[in-house]
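First comes the structure, then the notes that go with it.
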Amino acid sequence: MTRVRWAAFALALVPAVVMFGPVAADSGGFAVWGLGLPVLLSALPILSASSRYVVAVTWLAAVALLSWSLLLALGVGAYFLPAAFAELVAAAWSRPPEHLRG
């Protein structure tokens, strides 16, 4: 499941890096929020992979990433839909780490 989380991170990072220049020229400081938030949301499940909250964090990140993508779908948000769907797959298949299962 970690591979799907990393894939979602890559699917969020690549469009953010590619589009940062044009979006920053058009939107100024909002480019950091508009493009950085999906990257941050997709990094949260990776950072919490060894905690007991990994399932909840993955679901919250997936829903927030999908919401953000749909909110900005007429602009840059459509480029983050693959990352949102990959995060949803990771959330659907996620389980707590072995050492935390009882």
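At-a-glance table
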{"item": "Length-normalised contact order for the stretch 3-54 - Cα pairs under 8 Å, 6+ apart - percent", "result": "44"}
{"item": "Relative pair counts by distance (%), Cα atoms of the chain, 5 Å bins", "result": "2, 15, 25, 22, 15, 10, 6, 3, 1, 0, 0"}
{"item": "Contact order normalised by residue count of the chain, Cα under 8 Å, 6+ apart, percent", "result": "36"}
{"item": "VAL32-LEU70 pseudo-label distance in nm [points 7 Å out on the Cα-to-Cβ vector]", "result": "2.9"}
{"item": "Axial C-alpha extent at least 20 Å, average Kyte-Doolittle at least 0.5 - helices from the chain (DSSP)", "result": "2-27, 30-47, 54-71"}
{"item": "Positive-end residue, the chain charge dipole about Cα centroid, Cβ charges, pick of MET19, PRO82, ALA49", "result": "ALA49"}
{"item": "Counted charge near ALA62, where neighbours are those whose Cβ lies closer than 11 Å (Asp, Glu -1; Lys, Arg +1)", "result": "0"}
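Values quoted throughout were computed directly from the atomic coordinates according to the rules given, and no laboratory measurement underlies them. Computed from a prediction, not measured in an experiment: that's the story for all the values here. Note that we place each Cβ from the backbone using ideal geometry, even for glycine, and neighbour counts take in every protein chain shown.
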